[in-house]
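Novice: Structure provided below as structure tokens; questions to follow.
The values are calculated or read from the model by the stated rules, or taken from the named source; none is laboratory data. In this text the structure is predicted, and so the values were computed from the model without any measurement. We place every Cβ from the backbone using ideal geometry, glycine too, and count neighbours over all the protein chains shown.
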Amino acid sequence: MPRLPAGMNALALTMLVQSQTNSFASAGSVSAAYMIAAAMQAPIIGRFIDQNGPRRVMVPLGVLCALALCFVVLAVQMKWPLLAVMIGAFFAGGTFPPVSMTIRAMYRKSSMSDAQKQTAFALEAIVMELAFTLGPLAVTVALLTGHAATAVLASGALACVGTWLFARSGALERWGSVERGENVVRHWLGPLRVSAVRRALFLSAMFGTGIGLLEISLPAFAEFVGNKALVGWLFAALSIPSAIAGFVYGTWHIKTPLNKQILMCAAWLATGAAMMAAMDSFAPYVLMCVLAGLAFGPMITALSLQLGKLTPVEYSTEAFTWSMTVFLIGMGIGFTVGGGLIETVKWTDGWRASLLAGVALFVAAGLSCLAIPEVRNDGGGAH
């Protein structure tokens with residue numbers, strides 16, 4: 001439940017603002033403000049959790065995030081200036097609870113074997129994919145009723161109640177203890193002091209930008225074919241295959257270095273996005289969404305495994321929140337640039353231009369994989 005808003009907010013905010021302003025550029029800017037704020041606060045909260053534990057921050061963040069989303073709805077309904085809407089979205093993103101990152105750090109800190117950790121990370125990726133499947137479908141239901149604001153308000157309620165239930169579940173206690181003592185000397189840069197971590201995070205940012213460019217094209221394509229309500233099914237076409245592929249990937253313990261596994265995912269995504277850009281009708285486009293989505297789950301799992309292998313244990317939560325930070329910044333950039341392309345490109349349909357830009361980002365991400373130290377998910381170190 002506390003992860004579901006992660007799959008709802010960007011699309012819900014996009015459709016809410018677009019329905020009021022009839023501008024994908026304005027809608028993309030509001031969604032970008034939300035994602036960039038979530039990205040900026042994540043490492044700050046992550047460092048606090050690494051040094052103090054997660055118990056004191058989760059529930060207050062859930063409440064504040066819900067209040068901020070309510071403010072966004074009010075600002076849109078009252079037709080306040082776009083800046084006010086962006087400020088509300090920025091505050092909502094800045095208070096989003098890092099539930100998934102806390103769980104990933106819990107897995108990283110645990111005594112499970114590498115094989116068990118791969119399965120655990122894959123299951124977490126599947127849960128997130130379900131959030132990115134059910135979230136857009138919930139937004140679609142709201143669109144069918146004619147009220148995009150309903151999805152934003154529902155997301156706020158889920159963030160508040162879901163975080164409270166998560167805190168009561170015992171998961172925060174299973175996160176473990178804070179690493180202290182003479183052998184633990186924390187650097188002010190945290191995990192960023194490690195060169196390999198910085199390269200891995202840059203790779204996540206590139207993937208995030210490419211995915212942002214791809215996802216902002218979905219509502220534009222739905223409008224292109226004359227039915228905005230189809231957008232939820234397009235997101236489902238991406239997310240359901242991703243969850244299935246992520247589950248299968250989690251059961252395979254491949255000996256190929258993780259950076260090369262991620263390179264294969266990048267090539268798959270580039271191919272899928274290029275084929276989506278070549279489609280003109282709904283059914284073939286959905287099929288290409290399914291094809292592209294097969295790479296999402298394995299890519300997210302492999303990025304998490306790679307970062308966990310490269311990060312010192314005392315920086316676990318902060319490293320995973322940095323991963324979310326740069327990924328969301330990338331998505332925010334992708335939404336903003338993609339929205340601008342959709343509005344302004346004249347030589348082709350704008351949604352195609354956004355997808356082609358995504359192809360370029362996935363190709364660049366694939367090439368960047370070669371600069372990451374090789375680590376394997378079999379107990380081997382970097383080299």
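Novice: Picking from VAL290, VAL313, which residue would you name as being among the β-branched types (Val, Ile, Thr) and at pLDDT 90 or above?
Specialist: Values: VAL313 fails: at pLDDT 90 or above.
Answer to the selection: VAL290.
Novice: Considering each of LEU69, LEU74 in turn, give the residue that is in a helix (DSSP H, G or I) and farther than 20 Å from THR325 by Cα.
Specialist: Of LEU69, LEU74, the one residue that is in a helix (DSSP H, G or I) and farther than 20 Å from THR325 by Cα is LEU74.
Novice: Consider GLY340 against the criteria (1) crowded, with 24+ Cβ neighbours inside 10 Å; (2) modelled with pLDDT of 85 or more: it satisfies all of them except one. Which criterion is unmet?
Specialist: (1)
Novice: Do you know which of the residues in region 16-26 that are more than 16 Å from PHE71 (Cα to Cα) and either in a helix (DSSP H, G or I) or among the β-branched types (Val, Ile, Thr) (or both) is farthest from the chain's Cα centre (by Cα)?
Specialist: Among those residues, the one meeting the criterion is THR21.
Novice: Identify, from the list SER19, SER31, SER26, the residue that is at pLDDT 80 or above and crowded, with 24+ Cβ neighbours inside 10 Å.
Specialist: SER31
Novice: Among the numbered criteria (1) at pLDDT below 90; (2) part of a helix (DSSP H, G or I), which one does ILE254 miss?
Specialist: It fails just one condition, (2).
Novice: Given GLY135, GLY46, GLY53, GLY62, which one is under 29 Å from GLY250 (Cβ atoms), of a type outside the set (A, V, I, L, M) and in contact with an Asp or Glu (Cβ under 8 Å, 6 or more places away or on another chain)?
Specialist: On the way: GLY135 fails: in contact with an Asp or Glu (Cβ under 8 Å, 6 or more places away or on another chain); GLY53 fails: in contact with an Asp or Glu (Cβ under 8 Å, 6 or more places away or on another chain); GLY62 fails: in contact with an Asp or Glu (Cβ under 8 Å, 6 or more places away or on another chain).
Only one candidate passes the filter, namely GLY46.
Novice: Then there is this: Does VAL337 satisfy the criteria of being hydrophobic (A, V, I, L, M, F, W, C), assigned to a helix (DSSP H, G or I) and in contact with a Ser or Thr (Cβ under 7 Å, 6 or more places away or on another chain)?
Specialist: Working: hydrophobic (A, V, I, L, M, F, W, C): yes; assigned to a helix (DSSP H, G or I): yes; in contact with a Ser or Thr (Cβ under 7 Å, 6 or more places away or on another chain): no.
Against the criterion (hydrophobic (A, V, I, L, M, F, W, C), assigned to a helix (DSSP H, G or I) and in contact with a Ser or Thr (Cβ under 7 Å, 6 or more places away or on another chain)), VAL337 does not qualify.
Novice: In region 244-269, what residues are touching an Asp or Glu at 6+ places or on another chain (Cβ under 8 Å) and surrounded by 18 or more Cβ atoms within 10 Å (Cβ to Cβ)?
Specialist: The answer is GLY246, PRO257, LEU258, ASN259.
Novice: Right, GLU182: surrounded by fewer than 16 Cβ atoms within 10 Å (Cβ to Cβ), part of a helix (DSSP H, G or I) and modelled with pLDDT under 85 or not?
Specialist: In short, no.
Novice: Could I ask something else about it? Cβ-Cβ below 9 Å, separation at least six or inter-chain, first residue in region 321-349 and at negative phi and of a type in the set (A, V, I, L, M, F, W, C), second crowded, with 21+ Cβ neighbours inside 10 Å and part of a loop (DSSP other than H, G, I, E, B): which pairs?
Specialist: The qualifying pairs are MET324/PRO98.
Novice: Being at pLDDT below 85 and closer than 23 Å to ALA131 by Cβ: is that true of GLY190 here?
Specialist: When the stated conditions are applied, GLY190 does not pass them.
Novice: When you check GLU314 against the structure, is it touching an Asp or Glu at 6+ places or on another chain (Cβ under 6 Å) and touching a residue at least 12 places away in the same chain (Cβ under 8 Å), yes or no? Walk me through it before giving the result.
Specialist: Numbers: touching an Asp or Glu at 6+ places or on another chain (Cβ under 6 Å): yes; touching a residue at least 12 places away in the same chain (Cβ under 8 Å): yes.
Judged against the criteria, GLU314 is a match.
Novice: While we're looking at this one, here's another question. Look through region 202-235, keep the residues that are surrounded by fewer than 21 Cβ atoms within 10 Å (Cβ to Cβ) and closer than 24 Å to PRO298 by Cβ, and return whichever of them is modelled with the highest pLDDT.
Specialist: The extreme case among them is PHE202.
Novice: Still on this model: Taking GLY272, is it without any contact (Cβ under 8 Å) to a residue 60 or more places away in the chain, assigned to a helix (DSSP H, G or I) and crowded, with 21+ Cβ neighbours inside 10 Å?
Specialist: Here the answer is yes, as GLY272 does meet what is asked.
Novice: Being modelled with pLDDT under 70 and either part of a helix (DSSP H, G or I) or closer than 25 Å to GLN306 by Cα (or both) narrows it down to one residue among ALA115, ALA125, ALA138, ALA142; which is it? Break it down stepwise before answering.
Specialist: Values: ALA115 fails: modelled with pLDDT under 70; ALA138 fails: modelled with pLDDT under 70; ALA142 fails: modelled with pLDDT under 70.
Going through ALA115, ALA125, ALA138, ALA142 in turn, just one is modelled with pLDDT under 70 and either part of a helix (DSSP H, G or I) or closer than 25 Å to GLN306 by Cα (or both): ALA125.
Novice: Regarding region 52-63, can at least one residue be identified that is β-branched (Val, Ile, Thr), in a helix (DSSP H, G or I) and farther than 21 Å from GLY332 by Cα?
Specialist: Checked against the condition, which is being β-branched (Val, Ile, Thr), in a helix (DSSP H, G or I) and farther than 21 Å from GLY332 by Cα, region 52-63 yields at least one hit.
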